[in-house]
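Q: Take a look at this one; I'll ask things after.
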Amino acid sequence: MKTLSNDEARHLFEITRVARLGCIVNDEPYVVPVNCYLEGDYLYSHSLPGLKISALRENPHVCVQVDQIETELRWRSALVFGKYEEITTANERADILSKLLRLFPMLTPVESAIAIDGAAPKVIIFRIKIERVTGVSEG
């Protein structure tokens with residue numbers, strides 16, 4: 001097993017579109033898939049209101065994991081440790097949502113409908129302020 005450099009681990013976040021976000025819900029680990037993109041010292045993502053967002057607002061410390069698996073003996077994995085920050089200013093929300101929609105045109109069916117007609121609960125736009133990046137590879 002090899003430790004990835006900071007640049008190698010960050011690159012894995014640049015090329016991977018589905019990540020797993022880990023947070024704490026009722027004093028227990030909770031992991032969910034998210035779409036995200038890396039820009040500077042932040043990972044940007046989105047969600048509808050719910051359990052994950054409630055947990056992140058209560059305890060903003062998170063980790064986000066991505067991997068690239070070719071075979072069981074050839075893979076790479078990276079983790080970001082950081083802090084949840086909700087984006088609330090209109091211009092910043094619009095800019096990030098525009099980037100998210102370009103990268104993930106469908107977001108989810110519900111979120112796509114919300115983005116178009118605004119009829120359902122407001123999409124939460126958030127970022128993870130990166131504090132630390134680690135990674136390992138095999139093969």
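Only the coordinates and a few stated rules stand behind these numbers; no lab work does. Predicted, not measured: the structure shown is a model, and the values here were computed from it.
Q: May I ask which of Lys2/Lys83; Lys2/Lys129; Lys99/Lys122 have a Cα-Cα span longer than 21 Å here? Let's see the in-between values first.
A: On the way: Lys2/Lys83 27 Å; Lys2/Lys129 26 Å; Lys99/Lys122 17 Å.
Long pairs (Cα-Cα over 21 Å): Lys2/Lys83; Lys2/Lys129.
Q: Something else: Please build a GNM for the chain, connecting alpha carbons under 10 Å apart, and tell me which residue among Pro29, Pro60, Pro105 fluctuates the most.
A: Per the Cα network of the chain with a 10 Å cutoff, Pro29 tops the list.
Q: Sticking with this one: Apply the Karplus curve 6.51 cos²θ - 1.76 cosθ + 1.60, θ = phi - 60°, to the phi angles in region 25-38 and return the couplings in whole Hz, x for Gly and Pro.
A: Working through the residues one at a time gives 10, 6, 6, 10, x, 9, 10, 9, x, 9, 8, 7, 9, 9 Hz.
Q: For Cys36, what residues show an amide H to amide H distance below 5 Å, using hydrogens built from the backbone and excluding near sequence neighbours?
A: The list, which skips near neighbours in sequence, is Ala19.
Q: In the Gaussian network model of the chain, springs joining C-alpha atoms below 10 Å, which of Arg20, Arg102, Arg93 carries the largest mean-square fluctuation?
A: Top of the fluctuation ranking is Arg102.
Q: Here is a follow-up. Identify all aspartates and glutamates with a Cα-Cα distance to Lys52 below 19 Å; exclude those on the same chain that are fewer than 8 residues away in sequence.
A: Those aspartates and glutamates meeting the cut-off are Asp27, Glu28, Glu85, Glu86, Glu111.
Q: If you don't mind, another one. So what are the ³J(HN,Hα) numbers for region 126-139, from phi and the Karplus equation (6.51, -1.76, 1.60; θ = phi - 60°), rounded to whole Hz, Gly and Pro as x?
A: 9, 9, 10, 6, 6, 9, 7, 10, 9, x, 9, 9, 10, x
Q: Could I ask something else about it? What are the residues whose amide H is under 5 Å from the amide H of Glu131, where those residues sit 5 or more places off or on another chain and H is modelled from the backbone?
A: Here the answer is Phe81, Gly82, Lys83, since their amide H atoms fall under 5 Å of that of Glu131.
Q: Among Leu38, Leu100, Leu51, whose mean-square fluctuation peaks in a Gaussian network model of the chain (Cα, cutoff 10 Å)?
A: Among Leu38, Leu100, Leu51, the largest mean-square fluctuation in the Gaussian network model of the chain belongs to Leu51.
Q: Now for a separate question. If I take every Cα pair under 8 Å that is 6 or more residues apart in the chain, average their sequence separation and divide by the length, what percent do I get for the relative contact order? Could the numbers behind the result be given before it?
A: Details: 263 pairs, mean separation 48.3, N = 139.
Computed value for the chain: 35 percent relative contact order.
Q: Sticking with this one: Quick one: which residues, 5+ away or cross-chain, put their amide H under 5 Å from the amide H of Leu48? H built at 1.01 Å from N.
A: Ile124
Q: Using only Cα atoms and rounding to the nearest 10 degrees, what angle (0 to 90) does helix 90-103 make with the longest principal axis of the chain?
A: So the helix axis and the longest Cα principal axis differ by about 50 degrees.
Q: Across region 56-64, in residue order, what do the Karplus-derived ³J(HN,Hα) couplings come to in whole Hz, using 6.51 cos²θ - 1.76 cosθ + 1.60 with θ = phi - 60° and x for Gly and Pro?
A: Listing the rounded values in order: 5, 5, 6, 9, x, 7, 9, 10, 10 Hz.
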